[in-house]
Amino acid sequence: MKRCIIMFSIMLPIAISGCGLYETKEDKQGRTIRVNRLTGDVAIVDGDKLVRVKSEKEVAQEKMREDKLSVTKGWDKSMLLNEIPVGLKTKWVDGIMSYQLSVEGNLRTRGTYFSEITAVFKDKDDFHIAKIPIKSNAFTGLVGFDGKTVSNMSYSDQLPLSKDEYARITSWELIWSGFKDQ
């Protein structure tokens, strides 16, 4: 009986440690690689951490998701001062959201030096994900067909935004301040 207890106490730590479950190798770059012999999962040993290597399927799914985000998206128009339509286009590439705002009208006739428009990006529950304040004098005027008057205005820039944050955006709205006749 005593022998069984001693053998059990010796074998238990060996069984728990997973003896034979993992194989460690060194790759061509000198990194230590751990391979699970049962599942085939691969991990890179990085100091005291294990970094799981993604499967080809996971990499392909992530690339497809990123490709979807990098397609230009046109959003529903929002109204500035309750009467001026403003359009928005966005796309996400490598941690950056590029955006373009287009105003159907001339803000210079309604704005002051301190006028500001803020584009607010929201998730499905109406929580703010990001907001972009833009001075109205930063917009570029586009000359109309007569060649003299500004008929439309535009503004484009970029904002650092994670892939997950951009994917959560479902709507946007405008907030404004400093305009005449508000």
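The values are calculated or read from the model by the stated rules, or taken from the named source; none is laboratory data. Every value quoted in this text rests on a predicted model; they were computed, and no experiment measured them. Note that we place each Cβ from the backbone using ideal geometry, even for glycine, and neighbour counts take in every protein chain shown.
Contact map, the stretch 68-93: residues that are under 15 Å from Arg110 (Cα atoms) paired with residues that are not in a strand (DSSP E or B), Cβ distance under 6 Å, separation 6+ or inter-chain. Pairs shown: Ile84/Gly105; Pro85/Glu104.
Out of (1) surrounded by fewer than 16 Cβ atoms within 10 Å (Cβ to Cβ); (2) farther than 16 Å from Gly87 by Cα; (3) touching a Gly at 6+ places or on another chain (Cβ under 9 Å), what's the single condition that is false for Lys163? Every condition holds for Lys163 apart from (1). Taking the criterion of being under 12 Å from Ile129 (Cα atoms) and among the aromatic types (Phe, Trp, Tyr), the residues of the stretch 159-182 that qualify are Tyr166, Trp172.
In this structure, does Glu83 turn out to be surrounded by fewer than 13 Cβ atoms within 10 Å (Cβ to Cβ) and outside the structural domain of Leu174 (by TED's automatic domain parsing)? No; evaluated as a whole, the condition is false for this residue.
Residues of the stretch 127-156 that are within 22 Å of Gly74 (Cα to Cα), touching a Ser or Thr at 6+ places or on another chain (Cβ under 8 Å) and surrounded by fewer than 13 Cβ atoms within 10 Å (Cβ to Cβ): Pro133, Thr140, Ser156. Taking the criterion of being over 15 Å from Gly105 (Cα atoms) and touching a Phe, Trp or Tyr at 6+ places or on another chain (Cβ under 7 Å), would at least one residue in the stretch 135-154 satisfy it? Looking for residues that are over 15 Å from Gly105 (Cα atoms) and touching a Phe, Trp or Tyr at 6+ places or on another chain (Cβ under 7 Å), one finds none in the stretch 135-154, hence no. Residue-level check: of (1) crowded, with 16+ Cβ neighbours inside 10 Å; (2) farther than 24 Å from Val71 by Cβ, Ile175 misses just (1).
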